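First the structure, in the form of structure tokens, and then the observations on it.
The values are calculated or read from the model by the stated rules, or taken from the named source; none is laboratory data. Please read these numbers as outputs of a predicted model, since none were measured by experiment. Methodologically, a virtual Cβ is constructed for each residue, glycine included, from the backbone with ideal geometry; neighbour enumeration extends over all protein chains shown. Protein only, heavy atoms only, side chains kept; ligands, DNA and RNA dropped before computing areas. Shrake-Rupley method; radii C 1.70, N 1.55, O 1.52, S 1.80 Å.
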Amino acid sequence: MPNMSLVKNKMPVQDAAVRKGNFLEVALGYSAEQAVDEAKRCLGCKNKPCVADCPVNIDIPAFIAKIAEGEFEKAYEEISLYNALPAICGRVCPQETQCEGKCVRGIKGEPVAIGRLERFAADYHNVKSSAGETAKRVPGTVAVIGSGPSGLACAGSLAKKGYNVTIFEALHVEGGVLVYGIPEFRLPKAIVQKEIQGLKDMGVEIVCNTVIGKTLTVDDLLTEKKYSAVFIGSGAGLPSFMNIPGENLNGVYSANEFLTRINLMKAYVDGSPTPVKRAKKVAVVGGGNVAMDAARCAKRLGAEVYIVYRRTEKELPARLEEVEHAKEEDIQFMFLTNPVKINGDEKGWVKSITCEKMVLGESDASGRAKPVRQPGSEHDIEVDSVIIAIGTSPNPLIRSTTKGLDTQKWGGLIADDDTGKTSREGVYAGGDAVTGAATVILAMGAGKKAAEAIDSYLSQSYR
Ligand SMILES: Cc1cc2nc3c(=O)[nH]c(=O)nc-3n(C[C@H](O)[C@H](O)[C@H](O)COP(=O)(O)OP(=O)(O)OC[C@H]3O[C@@H](n4cnc5c(N)ncnc54)[C@H](O)[C@@H]3O)c2cc1C
């Protein structure tokens, strides 16, 4: 009998008053009973609209049916046919605009909690599992640049097919944004490590502290190191700034720097070698996931936090759940507000931010209403730190050190949507390095598609 409840099983969470002061995971995960009850809300539609909107095409009704039957390990096996990092995707994917956005149950009530069920199956497996399997090796070696979701998905798919794969990572820890961007309280790093360990157990080698473009170039990988193909999944880690007066003051951070210090370097622990200023009042500029993460981290460091966003709540690009959690944690939203100047004290530290009010005008190229200045509306907000989270673009290092690699004007690599093939023979690319800042699951989808294309390319060379 399907469960015809119109609402999802609620996700147990850490109490907002308590979690504001710690970095432990906010969402606690379904119990087995809650998971089975939620799984029974799925109608198992024949045409599976949810699957069409999943960038890696997980057979969602099939894995949910296994959970409904209490076959949790089988549910995990079903998901892992399509997705190498389900515990991560179950936590951070924007399900409301993807699979859950197409769920038939969402027409008259809430959609099935697909993300929460994916997380449940993956966590169940991760608690029970031991090492993964190693595939039979085939000829052909592939170098993957970057260990974020696109690189991990590409490496995992190729390793499953039996290729020798080496990932080269610039940082000292693997995982990309999953470890240096998304905070511990949203995505515990032990979960990322566990999923990466699964890839290592399949034979993927990861070499950290290697910056491609400096330590080695893409040309070195193909010629000197004799890799048969290269996948570039180097992300979009170059922060954008507003180019307004005062951005060089002490106490102004790009969200990337602030989050890296917190997540990777544990700046919140006393005595950390890369501390951050424990500010009293912080303005976070931007309205995406990155802005929410920076704001919630600043809150946990004890600050009063304002999100300064130039459109309205309706246009916020962040995941709904993150916005709700931020509000519960007393983060204050200043909508239709745009910074024009950051003001400093005599010692060069931030003392306030001058903003102007905006109104929404006509739609711009992205289809969103364009914010328009309201002359004479300037006002000062007293803050002692400003975090800028208005977007990022790909770092120019790889494109400037690789021959024959075509790029977009804004810096993204040009790669075929279906195969990740670039203008350079044997070189493939995907994820944020191609699309600009996007999502974990889109990056994984691109890595997976490129792995298929690399497999056909190498099959022609070796078989
Ligand atoms: C703070 C934050 C929160 C986010 N929250 C969400 C969310 O909730 N849900 C969601 O779906 N998406 C979210 N995103 C977006 C998502 O994380 C990215 O779209 C995704 O990580 C892109 O994956 P990627 O593999 O293309 O790149 P990345 O994850 O950026 O990984 C690229 C890797 O390449 C390495 N690298 C770069 N240059 C070189 C080089 N020259 N040599 C060697 N290695 C190199 C980098 O160090 C990095 O490890 C968030 C992003 C941020 C910053």
Item to check | Dipole-positive endmost among Gly271, Tyr82, Ser461 within the chain (Cβ charges, Cα centre) | outcome: Ser461
Item to check | Heavy-atom SASA rank of Lys281, Lys10, Lys409 (probe 1.4 Å, accessible area, largest first) | outcome: Lys409, Lys10, Lys281
Checklist entry - At a 1.4 Å probe radius, carbon and sulfur cover how many percent of the accessible area of segment 90-211? => result 56 percent
Checklist outcome for this item: Per the helix-only model, the chain has a calculated mean residue ellipticity at 222 nm (DSSP H runs of ≥4, -39500 (n - 2.57) each, divided over all residues, rounded to the nearest 500) of -9500 deg cm²/dmol
Next on the checklist: I need the helices of the chain that pass two filters: whole DSSP H segments spanning 20 Å or more by Cα along the axis, and mean Kyte-Doolittle score no lower than 0.0.
Outcome noted: 440-462
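When a/c is below 1.5 the answer is rounded, else prolate if a/b is larger than b/c, else oblate, so apply that to segment 287-429 with a ≥ b ≥ c taken from the square roots of the Cα gyration tensor eigenvalues.
prolate
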Checklist entry - For Ser352, which sequence-distant residues (separation of 5 or more, or a different chain) have an amide H within less than 5 Å of its own amide H, given hydrogens modelled in the peptide plane? => result Asn343, Val383
Checklist entry - Along the positive direction of the dipole of the chain (beta-carbon charges: Lys, Arg +1; Asp, Glu -1; about the Cα centre), which of Ile206, Leu6, Ile331 reaches farthest? => result Ile206
Checklist entry - Residue-wise, which Karplus ³J(HN,Hα) couplings in Hz belong to segment 418-425, taking 6.51 cos²θ - 1.76 cosθ + 1.60, θ = phi - 60°, and x for glycine or proline? => result 8, 10, x, 5, 9, 6, 9, 3
Checklist entry - Across segment 217-223, in residue order, what do the Karplus-derived ³J(HN,Hα) couplings come to in whole Hz, using 6.51 cos²θ - 1.76 cosθ + 1.60 with θ = phi - 60° and x for Gly and Pro? => result 9, 4, 4, 4, 4, 7, 9
Next on the checklist: Probe radius 1.4 Å, ligands and nucleic acids left out: which of Asp270, Asp432 has the largest accessible area, and how do the rest follow?
Outcome noted: Asp270, Asp432
Next on the checklist: Quick check on the chain: of the DSSP beta bridges with both residues there, what percent are antiparallel, nearest 5%?
Outcome noted: 40 percent
Checklist outcome for this item: Contact order relative to length for segment 194-325, counting C-alpha pairs under 8 Å separated by 6 or more residues, stands in percent at 15 percent
Checklist entry - How much accessible area does Thr312 have with a 1.4 Å probe, in Å² rounded to the nearest 10? => result 40 Å²
Item to check | Residue order for Phe185, Phe241 - accessible surface, 1.4 angstrom probe, largest first | outcome: Phe241, Phe185
Checklist outcome for this item: Heavy-atom accessible area of segment 267-417 with neighbours in place, 1.4 angstrom probe: carbon+sulfur share in percent works out to 49 percent
Next on the checklist: Using alpha carbons only, how many angstrom separate the centre of segment 336-359 from the centre of segment 248-274?
Outcome noted: 21 Å
Item to check | Probe 1.4 Å - accessible area at Glu224, Å² to nearest ten | outcome: 120 Å²
Checklist entry - Counting only residues 5 or more places away or on other chains, whose amide H sits under 5 Å from the amide H of Ser254 once H atoms are built in the peptide plane? => result Ile388
Checklist outcome for this item: With the 1.4 Å probe rolled over protein heavy atoms, segment 4-152 has an accessible area per residue in Å² of 44 Å²
Checklist entry - Looking at the square roots a ≥ b ≥ c of the eigenvalues of the Cα gyration tensor of segment 219-272, which shape do they give, rounded for a/c under 1.5, prolate if a/b is larger than b/c, or oblate? => result oblate
Checklist entry - Assigning unit charges at the beta carbon (Lys, Arg +1; Asp, Glu -1) and nothing else, what dipole magnitude in debye, to the nearest 20, does the chain show about its Cα centre? => result 180 debye
Checklist entry - Relative contact order of the chain: what whole-number percent is it, with Cα pairs under 8 angstrom and at least 6 residues apart? => result 16 percent
Item to check | For Ile390, solvent-accessible area (1.4 Å; no DNA, RNA or ligand), Å² | outcome: 80 Å²
